[in-house]
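Quick notes on the structure that follows.
The values are calculated or read from the model by the stated rules, or taken from the named source; none is laboratory data. Predicted model only: the values in this text are computed from it and were never measured. Note that each Cβ is placed from the backbone with ideal geometry, even for glycine, and that neighbours are counted across all protein chains shown.
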Amino acid sequence: MTLKYRATAFAALHRPGTPLVLANAWDVASARIIAAAGAPAIATTSAGVAWSLGYPDGDAVDVDRALDVIARIATAVAVPVTADIESGYAADAAGVGRTVTRVLEAGAVGINLEDAAPPSDDSPLRPTAEQAERIATAYAAAQAQGVELYLNARTDVYLRSVGDPAGRLQATFERAAAYVEAGASGIFVPGITEPATVAELVNGIAAPVNILVGPGAPPVGQLAALGVARISTGSSLAAAAYAVAQRAAHELGGPGTYEALAGELGYGALNALFG
């Protein structure tokens, strides 16, 4: 498939009520496992990619190494790939545009772009107008390549508990409206899974809504019934895999047993993913 075709196919997967469900990958092996399970697309997790490369999450990863992972995943699977690029790996809007061009060159047809401010800022989120400019520049960069990039604009109002709880829904609506006007294809609102609020988000945002899930979140069917268009696991899958490694290491160094390794994927099955 050409990049333009993959982009169109990926955008079409975002259907309110019949959501795109994404188990986020962090390397080629996890991407191929997810694709082999029947996933229609692959999304990366920035945290998982950063951890696998030896960096903390939070715009700390070396951008060249992160883009290399994205390119390897896009080459390794036959389905569309969307890349979590955190805040765009750039200090300004022009830099975000350059990152987007490189993401497209790597073979991805979608991005997550978040509005979290750098750690040095006094505010947890970038000003709405500043983030809208970054989104508009990302959109323009993709248009310049002739690709309808799926730009999933993430707002961390709920995830970072910004402001008075009573005002977070309205603050999310205001940011979402500005981001959609700037060129966002969809809006990602991590940090909230309460059904009534999710329903309000879906009804109040004029774009497909993405919800982050994990243990304790409503099942896919319930979120679908609320009109959610995209459901993703974020860093949870990578964290769960590393938890197995931690348990096994402690078990080996403690009682000297191997029960944490029960249920592992067979050597042959894993090796066959790359044959």
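Note down all Cβ pairs under 8 Å where the first residue falls in the range 71-85 and is closer than 16 Å to residue 36 by Cβ, the second is polar (S, T, N, Q), and they're at least six residues apart or on different chains.
These pairs meet every condition: 73/44; 81/44.
Which of the residues spanning the range 163-187 are in contact with a strand residue (DSSP E or B) (Cβ under 6 Å, 6 or more places away or on another chain) and either at pLDDT below 95 or farther than 24 Å from residue 15 by Cβ (or both)?
If the condition is that a residue be in contact with a strand residue (DSSP E or B) (Cβ under 6 Å, 6 or more places away or on another chain) and either at pLDDT below 95 or farther than 24 Å from residue 15 by Cβ (or both), then no residue fits.
Taking the condition free of Cβ contacts under 8 Å to residues at least 40 places away in the same chain and under 21 Å from the mean Cα position of the chain (by Cα), does residue 228 pass? So that I can check it myself, show each step before the final result.
On the way: free of Cβ contacts under 8 Å to residues at least 40 places away in the same chain: no; under 21 Å from the mean Cα position of the chain (by Cα): yes.
So residue 228 fails the test.
If you go through the range 181-197 one residue at a time, do you hit one that is touching a helix residue (DSSP H, G or I) at 6+ places or on another chain (Cβ under 6 Å), surrounded by 19 or more Cβ atoms within 10 Å (Cβ to Cβ) and touching a residue at least 40 places away in the same chain (Cβ under 8 Å)?
Looking for residues that are touching a helix residue (DSSP H, G or I) at 6+ places or on another chain (Cβ under 6 Å), surrounded by 19 or more Cβ atoms within 10 Å (Cβ to Cβ) and touching a residue at least 40 places away in the same chain (Cβ under 8 Å), one finds at least one in the range 181-197, hence yes.
Condition test on residue 234, is it out of contact with any helix residue (DSSP H, G or I) (no Cβ under 6 Å at 6 or more places or on another chain) and modelled with pLDDT under 95?
no
Being surrounded by fewer than 21 Cβ atoms within 10 Å (Cβ to Cβ) and part of a loop (DSSP other than H, G, I, E, B) is the filter; apply it to the range 92-112 and report the residue that is farthest from the chain's Cα centre (by Cα).
Among them, the one singled out is 92.
Name the residues in the range 132-153 that are part of a strand (DSSP E or B), in contact with a helix residue (DSSP H, G or I) (Cβ under 9 Å, 6 or more places away or on another chain) and either at pLDDT below 95 or not hydroxyl-bearing (Ser, Thr, Tyr) (or both), would you? Please lay out each step first, then the result.
Narrowing the range 132-153 to residues part of a strand (DSSP E or B): 150-153.
Retained after the next criterion (residues that are in contact with a helix residue (DSSP H, G or I) (Cβ under 9 Å, 6 or more places away or on another chain)): 150-151, 153.
Answer for the range 132-153, where residues must be part of a strand (DSSP E or B), in contact with a helix residue (DSSP H, G or I) (Cβ under 9 Å, 6 or more places away or on another chain) and either at pLDDT below 95 or not hydroxyl-bearing (Ser, Thr, Tyr) (or both): 151, 153.
Within the range 2-19, how many residues turn out to be touching a Pro at 6+ places or on another chain (Cβ under 7 Å) and under 21 Å from residue 203 (Cβ atoms)?
Summing the residues that are touching a Pro at 6+ places or on another chain (Cβ under 7 Å) and under 21 Å from residue 203 (Cβ atoms) in the range 2-19 gives 2.
What is the number of the single condition among (1) of a type outside the set (A, V, I, L, M, F, W, C); (2) free of Cβ contacts under 8 Å to residues at least 60 places away in the same chain; (3) out of contact with any Pro (no Cβ under 6 Å at 6 or more places or on another chain) that residue 150 does not meet?
(2)
Can you tell me which residue among 185, 161, 120 is hydroxyl-bearing (Ser, Thr, Tyr) and over 20 Å from the mean Cα position of the chain (by Cα)? Even if it seems obvious, please write down each step before you answer.
Numbers: 185 fails: over 20 Å from the mean Cα position of the chain (by Cα); 161 fails: over 20 Å from the mean Cα position of the chain (by Cα).
Just one listed residue meets the conditions, 120.
When you check residue 238 against the structure, is it out of contact with any Leu (no Cβ under 9 Å at 6 or more places or on another chain), in contact (Cβ under 8 Å) with a residue 12 or more places away in the chain and under 28 Å from residue 148 (Cα atoms), yes or no? Step through it out loud before you land on a result.
Values: out of contact with any Leu (no Cβ under 9 Å at 6 or more places or on another chain): yes; in contact (Cβ under 8 Å) with a residue 12 or more places away in the chain: yes; under 28 Å from residue 148 (Cα atoms): no.
Taking the combined requirement at face value, the residue does not satisfy it.
Each row is one residue, and each column tells you yes or no for (1) over 22 Å from residue 54 (Cα atoms); (2) among the charged types (D, E, K, R).
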site: 74; (1), (2): no, no
site: 93; (1), (2): yes, no
site: 98; (1), (2): yes, yes
site: 131; (1), (2): yes, no
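Could you check the range 159-195 and list, in sequence order, the residues that are farther than 22 Å from residue 214 by Cβ and in contact with a Leu (Cβ under 7 Å, 6 or more places away or on another chain)?
Answer for the range 159-195, where residues must be farther than 22 Å from residue 214 by Cβ and in contact with a Leu (Cβ under 7 Å, 6 or more places away or on another chain): 183, 184, 185.
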